[in-house]
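The values are calculated or read from the model by the stated rules, or taken from the named source; none is laboratory data. Values in this document were obtained by computation on a predicted structure and should not be read as measured data. Glycine also receives a Cβ, built like all others from the backbone with ideal geometry; neighbour counts cover every protein chain displayed. SASA here: full protein model, heavy atoms, side chains in, ligands and nucleic acids out. Shrake-Rupley method; radii C 1.70, N 1.55, O 1.52, S 1.80 Å.
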Amino acid sequence: MHATLPRWRSALQVWRRNSLVWRRLMGPSLFINFGEPFLYMLGLGYGLGFFIGNSMDMPYLTFLASGILASAAMNIASFEAMYSVYTRMVPQRTYDAILAAPIEIQDILAGELLWCATKSVINGTAILIVASLLGAVHDWRAVFVIPVIFLIGLCFAGTALVMTAKAQGYDFFNYYVTLLITPMFVLSGVFYPVSSLPHWLQTVVQILPLAHAVDLLRPLVSGRPLSNAGLHLAVLVTYATVGYFIAAHLIRKRLLV
Amino acid sequence: MQNVVEMNALVKKFDERTVVQGLSLAIPAGACFGLLGPNGAGKTTTLRMLLGQSPLDGGSLHVFGLPIHEHARTVRRRTGVVPQMDNLDPDFTVAENLRVYGRYFDLPTVVLEKRLRELLEFVGLSDRADSRIGTLSGGMKRRLTIARALINDPELIVLDEPTTGLDPQARHMIWARLRELRTAGKTLLLTTHFMEEAERLCDELVIIDEGKLLEQGTPAALIRRHVEPEVLELRGQEENIRAMLAGLDGRLENVGDTLYYYARDARPATARLEKQLGTSFMHRPANLEDVFLKLTGRDLRD
């Protein structure tokens, strides 16, 4: 396994490269990634919230905002790790260029993971600010949302990288989005408590990472007590780490032939 | 002199196909070394192995005296690479491409900025420092790629077909820069299938085909060894030409619509041909292309 541990200094240069590109395009990028979650909060938070009232022992807007923070982090990291990483790896040949420098596959992928998580944090911070302005944030502990979002970003980026490693084109990512991202978004407690699902479905949802991300963020935003934090963190870390190592192995086999 | 690169019985297989079959060669420090061969001969694969980008299936490969599979990072830190296909970063300007690439080598900012300016000067792109990559011509992109390969002040520069697809002006400019680098004491390893390029630049070269070494030497020595010094290229009725040159001690070869007449002294042949109408011919000294075609055959490669 020693060959898959990154050299952090090289990974940071890859991160820096991506952040430089992002700064170029930051206007449209922020607008797109932030617009949708904002729309959900506004439309569902107020619209649906009117009917739900206080039946969830917190305002629905608070309930929803914490779910949206988690799912937006998932979306941003997943899409960056699939579409953008694939673009750099295949059509743009960026990795070919980097691999002629004293940088190895594992450094590139570690840099990509850090970057995907950073992008989640940038957008998550913006959503958190708007959520507080809308009055959805009830606890100073909400500042810990930021590091948790970073971890959520690592988790979903690591998982998505495995898809990217195997992808032969962009169409391949549709399967992953349809079979995992969208079901998680709908089922993992973003819009309603997971406990309202049938038991068997709850079990499935608990195996996937998004429910754990939501369970970490919601208490921090609403001020309710946080439980099972160790388990939730462990699930996110496991997905991130296992994803990274599998992706590093697959991409090494793919590029170093 | 010490060898910068040493390959010994190098083997590379893709599935069942062996693309490099026991290749051995040594590249002395300070030389411009040519790796020649038709498409699919194993040139790019050999370069990839040399950079630690492709695992060996047999043999050994040392660069700067270091075994490549354990020291790929160190080797690449001291090497510059000009790949066959441009992979400049389209999101960045000319200067940013160099800056971002230089950081991959952990260069301190002061060193990097100074070298960046010098290299833009060296490849004639100072006035394009803030241009986006998409606005550059093919020749400019190539020059920028060469500048990028020099950002770490490498001892060894590996160039995979550096002038393919360029116009003559761009090609001559690149040749001039490569000669300067050679004079500055760098070791150059280049692949090409332009024989003129190899003849002009290389101190020593090898010709490989199907992953095997066919020949090695200086361009002049290879020409002396394999072909007669004078060549006539002839176009016309083959039977007529053969009849006209009958009895002379030259050698005739047919390639497409052209006959090649190789001889120690072509004057008796030209004397006969000048009397004959309807046959056009060109008299020239033998070159590396004649050697290359003789050794690798005249069949079309893909």
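Data table
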{"read-out": "Signed unit charges on C-beta, dipole axis of segment B:3-224, positive-most listed residue B:I68, B:V94, B:A41", "value": "B:V94"}
{"read-out": "Dipole moment magnitude, nearest 20 debye, the protein assembly as shown about Cα centre, only Lys, Arg, Asp, Glu C-beta charged", "value": "960"}
{"read-out": "Relative contact order of segment B:51-209, pairs being alpha-carbon contacts under 8 Å that are 6 or more residues apart, as %", "value": "25"}
{"read-out": "In sequence order, calculated HN-Hα J values of segment A:18-26 (Karplus, 6.51, -1.76, 1.60; Hz; x Gly/Pro)", "value": "5, 5, 5, 5, 4, 4, 4, 10, 5"}
{"read-out": "Interface burial for B against A (accessible surface, 1.4 Å probe, total of both chains, Å², rounded to 100)", "value": "2600"}
{"read-out": "Distant-in-sequence amide H partners of B:C32 (H built 1.01 Å from N, under 5 Å)", "value": "B:L188, B:D203, B:E204"}
{"read-out": "Whether segment B:1-41 is rounded, prolate or oblate, judged on the alpha carbon gyration tensor where a/c under 1.5 counts as rounded", "value": "oblate"}
{"read-out": "Chain A: angle of helix A:209-222 to the longest principal axis, Cα-based, in degrees nearest 10", "value": "50"}
{"read-out": "Estimated distance in nm for a label pair at A:T182 and A:Q202, the labels positioned 7 Å out from Cα along Cα-to-Cβ", "value": "2.7"}
{"read-out": "Where the protein assembly as shown is the region considered: accessible area per residue in Å², 1.4 Å probe", "value": "44"}
{"read-out": "Total charge dipole magnitude, segment B:1-119, about the Cα centre, Cβ charges on Lys, Arg, Asp, Glu only, Debye to nearest 20", "value": "220"}
{"read-out": "Under DSSP loop assignment and at most 13 Cβ neighbours within 10 Å, longest trypsin sites (Lys or Arg not before Pro)-free interval of chain B", "value": "B:1-263"}
{"read-out": "Using a Förster distance of 56 Å, the FRET efficiency for A:L226-B:R117 (Cβ separation, nearest 0.05)", "value": "0.55"}
{"read-out": "Amide H within-cut-off set for B:G22, under 5 Å, with H built and near neighbours excluded", "value": "B:L10, B:V11, B:K12"}
{"read-out": "Cα shape, segment B:228-285, gyration tensor, a/c 1.5 rule", "value": "rounded"}
{"read-out": "Positive minus negative residues near B:I208 (Lys, Arg vs Asp, Glu; Cβ under 10 Å)", "value": "-1"}
{"read-out": "Tensor-based shape of segment B:93-182 (alpha-carbon gyration tensor, a/c under 1.5 rounded, otherwise prolate or oblate)", "value": "oblate"}
{"read-out": "Nonlocal amide H pairs with B:L159, under 5 Å, H built at 1.01 Å", "value": "B:V82, B:L189, B:L190, B:T191"}
{"read-out": "Nearest-10 value in Å² for the accessible area of B:L56, using the 1.4 Å probe", "value": "50"}
{"read-out": "Given charges at Cβ of Lys, Arg, Asp, Glu: chain A dipole, positive-most of A:L231, A:A160, A:A70", "value": "A:A160"}
{"read-out": "Peptide-level mean, for B:42-52, of C-beta atoms on other protein chains within 10 Å", "value": "1"}
{"read-out": "Segment A:1-150 - percent of accessible surface contributed by carbon and sulfur, probe 1.4 Å", "value": "71"}
{"read-out": "Acute angle (nearest 10 degrees) that the helix B:138-149 long axis makes with the longest principal axis of chain B, alpha-carbon atoms", "value": "50"}
{"read-out": "Residue-by-residue Karplus 3J(HN,Hα) for segment B:55-62, coefficients 6.51, -1.76, 1.60, Hz, glycine and proline x", "value": "x, 7, 9, x, x, 9, 9, 10"}
{"read-out": "Pairs beyond 20 Å (Cα-Cα), from B:K212/B:K294; B:K13/B:K186; A:K166/A:K253", "value": "B:K13/B:K186"}
{"read-out": "Check: segment B:228-285 dipole with +1 on Lys, Arg Cβ and -1 on Asp, Glu Cβ, in debye", "value": "160"}
{"read-out": "Percent RCO, i.e. relative contact order, over chain A, from Cα pairs under 8 Å lying at least 6 residues apart", "value": "27"}
{"read-out": "Residue (of B:A176, A:M58, A:I98) at the positive-pole extreme of the protein assembly as shown, dipole from beta-carbon charges", "value": "A:M58"}
{"read-out": "C-alpha long axis of helix B:109-122 to longest principal axis of chain B, angle in °", "value": "20"}
{"read-out": "Segment B:228-285 - percent of accessible surface contributed by carbon and sulfur, probe 1.4 Å", "value": "49"}
